[in-house]
1. Taking region 164-179 as the search range and keeping residues that are touching a Lys or Arg at 6+ places or on another chain (Cβ under 7 Å) and either away from ligand 2 (no atom under 16 Å from the Cβ) or over 16 Å from Gly13 (Cα atoms) (or both), which one is modelled with the highest pLDDT?
2. Quick one: which of Ala198, Ala213 is out of contact with any Ser or Thr (no Cβ under 7 Å at 6 or more places or on another chain), of a type in the set (A, V, I, L, M), in contact (Cβ under 8 Å) with a residue 12 or more places away in the chain and in a loop (DSSP other than H, G, I, E, B)?
3. Could you look through region 208-218, keep only residues that are aliphatic (A, V, I, L, M) and within 16 Å of ligand 2 (Cβ to nearest atom), and pick out the one that is farthest from Leu18 (Cα to Cα)?
4. Could you check region 179-195 and list, in sequence order, the residues that are in contact (Cβ under 8 Å) with a residue 24 or more places away in the chain and within 24 Å of Leu140 (Cβ to Cβ)?
5. Scanning for something part of a strand (DSSP E or B), at pLDDT 95 or above and under 27 Å from Ala161 (Cα atoms), does region 116-129 turn up at least one residue?
6. Only one residue in Thr12, Thr17 is out of contact with any strand residue (DSSP E or B) (no Cβ under 9 Å at 6 or more places or on another chain), of a type in the set (Val, Ile, Thr), within 16 Å of ligand 1 (Cβ to nearest atom) and within 28 Å of Leu157 (Cβ to Cβ). Which one?
7. Looking at region 151-163, is at least one residue of a type in the set (Gly, Ala, Ser) and within 16 Å of ligand 2 (Cβ to nearest atom)?
8. With the requirement that a residue be aliphatic (A, V, I, L, M) and modelled with pLDDT under 95, what does region 14-67 give you?
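The values are calculated or read from the model by the stated rules, or taken from the named source; none is laboratory data. What you see is a predicted model; the values in this text were computed from it and never measured. All Cβ positions, even for glycine, are placed from backbone atoms using ideal geometry, and neighbour counts span all protein chains on display.
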Amino acid sequence: MKRGFFITGTDTGIGKTLVSCALLQAFDHKGVSVGTMKPVAAGCEKGIDGWQNDDALQLMQHANIELNYSQVNPVALPPPIAPHLALEASGVIVTIKALAAHFEQIKNSADYFIVEGAGGWQVPLNENESMAEIPKALGLDVILVVGIRLGCINHALLTTAAIEQSGQQLAGWIANIIDPEMLMIEKNIQTLHNQIAAPLLGTLPFMRGKAVAAVSDKLNVAPLLGHT
Ligand SMILES: Nc1ncnc2c1ncn2[C@@H]1O[C@H](COP(=O)(O)OP(=O)(O)OP(=O)(O)O)[C@@H](O)[C@H]1O
Ligand SMILES: [Mg+2]
């Protein structure tokens, strides 16, 4: 792997998966190999080979290397609840070290990796660790998806401050318009643009229906590939 990215967001349900799929597609269009991982997923349905999460399945559809389901999503928890509670309910303890060991096995199968977190930045994994420790342990830079809606400025600035405080690198952020009724959308994005030092990699419009192919060209992945 040349470089990998951990996709976090200002909240749950604000477009991390959609943006991750668009990033996978944008990397594919650049002609590079790109793999994916959803380390921990809560909210799964029974598939042929066990529990499967829709985010992981969507990500797999947009990666351009072959990985099997359990390689992409090693921890698949049935109930759609906070991951540490789902783990507690199933009596399983997952550590950052175990996730890093898993990633070691797959990370050299592609030049780039898009790894989607769960929920927002500071989601607990177990009693002592949180998802915020994943990027450092897996050697990933962070990309923040800001779900553009009222309240997002506070959520975005709190998240960028926490990322910075953790000593991890914010490679860029993406404005994803999830509330088309919001007033002064452009000015809100401009405010964030002025206050977040990392590059704005793109603004995704509100869309009816899923249209990843249509939005991947709105993302500027050149800074992520190491050339401008
Ligand atoms: N720009 C957009 N326009 C319209 N709908 C969107 C947009 N972005 C995301 N959505 C929709 O919002 C919902 C949540 O998006 P998504 O699943 O990508 O969020 P998430 O942050 O990955 O959520 P989770 O925390 O569950 O992983 C989905 O139904 C998705 O299609
Ligand atoms: Mg998701």
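1. Filtering region 164-179 down to residues touching a Lys or Arg at 6+ places or on another chain (Cβ under 7 Å) leaves 168, 178-179.
When the remaining residues are screened for being either away from ligand 2 (no atom under 16 Å from the Cβ) or over 16 Å from Gly13 (Cα atoms) (or both), the result is 168, 179.
Working: Gln168: 94, Asp179: 97.
Top of the filtered list is Asp179.
2. Unique residue meeting the criteria: Ala198.
3. Filtering region 208-218 for residues that are aliphatic (A, V, I, L, M) and within 16 Å of ligand 2 (Cβ to nearest atom), the one farthest from Leu18 (Cα to Cα) comes out as Val215.
4. Leu192, Gln195
5. Checked region 116-129: at least one residue is part of a strand (DSSP E or B), at pLDDT 95 or above and under 27 Å from Ala161 (Cα atoms).
6. Thr12
7. No, region 151-163 has no match at all.
8. Across region 14-67, the qualifying residue is only Ile48.
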